[in-house]
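Accompanying notes for the structure given below.
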Amino acid sequence: MKNTFSKGFTLVELLIVISILAALAAAVVVVLNPAELLAQARDAQRLRDMTTVRDAINLHLSQVPAADICVPVGTPAVCPTGGHCTAGTAGPFATQPCVLNNTRVVTGTGWVNINFTTMPGGAALTVLPIDPVNSGNFFYAYRADALTRTFRLATRLESERYRGMMITDGGPRSGCVTGGTPWVAADCFYEVGTNMRTDF
């Protein structure tokens, strides 16, 4: 009778394979950097939200009276001096503190205090977006000037891929300190709108 032996892996061979797999897994984690990928995904959402809200406001401005750029406050009608921030009160608008408002309604009491429901064709937005983190240094902000019908939206970006946009956006809040994660200087925001030069 012929003896047949089935050859298996030795302990040394298994340890070598496990070591190689562990090294490859570590290399993949270093190359892909999951934390950076998540930060990029949040920044991509922030950029989309800023574009969406900016376009909705521009559409609104083309269809409604000048006094409707924000819910009027006081006499004569003016927009709130500090604007609205969805987290905290240390906003990006000159030295004025923000009014905390993380309400998402589009009827004039949300963080963008425009009554979008007054648009002839219906509201351009059904709900206001909110920052994916919305705490600490990461939030959305809005400020407008009723007399000039101008506005600015602001947010802070966190990923290495996008954070340079806070310097090149053309807004006055571009005083970012290079290096560090994230850039959280008090004067470092990504801004869009129609009032990009006046530091109001």
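Restricting attention to region 135-176, the residues that are farther than 15 Å from Leu47 by Cα and charged (D, E, K, R) add up to 4. Across region 107-154, the number of residues qualifying as crowded, with 23+ Cβ neighbours inside 10 Å and part of a strand (DSSP E or B) comes to 9. Of all residues in region 141-155, how many are farther than 11 Å from Asn195 by Cβ and either among the acidic types (Asp, Glu) or in contact with a helix residue (DSSP H, G or I) (Cβ under 7 Å, 6 or more places away or on another chain) (or both)? Qualifying residue count, region 141-155: 2. Looking at region 165-186 only, could you name the residues that are modelled with pLDDT of 85 or more and loosely packed, with under 14 Cβ neighbours inside 10 Å? Matches in region 165-186: Thr168, Gly170. Do we find that Thr75 is at pLDDT below 85, loosely packed, with under 15 Cβ neighbours inside 10 Å and out of contact with any Phe, Trp or Tyr (no Cβ under 7 Å at 6 or more places or on another chain) in this structure? The answer is yes for Thr75.
Just one of (1) over 20 Å from the mean Cα position of the chain (by Cα); (2) of a type in the set (A, V, I, L, M); (3) farther than 17 Å from His84 by Cα fails for Ala146. It is (3). In region 34-63, the qualifying residues are those that are out of contact with any helix residue (DSSP H, G or I) (no Cβ under 9 Å at 6 or more places or on another chain) and among the charged types (D, E, K, R), and the one that is modelled with the lowest pLDDT is Glu36. Here Gly122 passes the criteria (1) touching a residue at least 40 places away in the same chain (Cβ under 8 Å); (2) touching a helix residue (DSSP H, G or I) at 6+ places or on another chain (Cβ under 9 Å) except the one numbered (1). Go through the residues of region 83-92 one by one and say whether even a single one is modelled with pLDDT under 80, loosely packed, with under 13 Cβ neighbours inside 10 Å and within 18 Å of Phe200 (Cα to Cα). Checking region 83-92: not a single residue is modelled with pLDDT under 80, loosely packed, with under 13 Cβ neighbours inside 10 Å and within 18 Å of Phe200 (Cα to Cα).
The values are calculated or read from the model by the stated rules, or taken from the named source; none is laboratory data. Predicted, not measured: the structure shown is a model, and the values here were computed from it. Backbone-built Cβ (ideal geometry, glycine too); neighbour counts: all protein chains shown.
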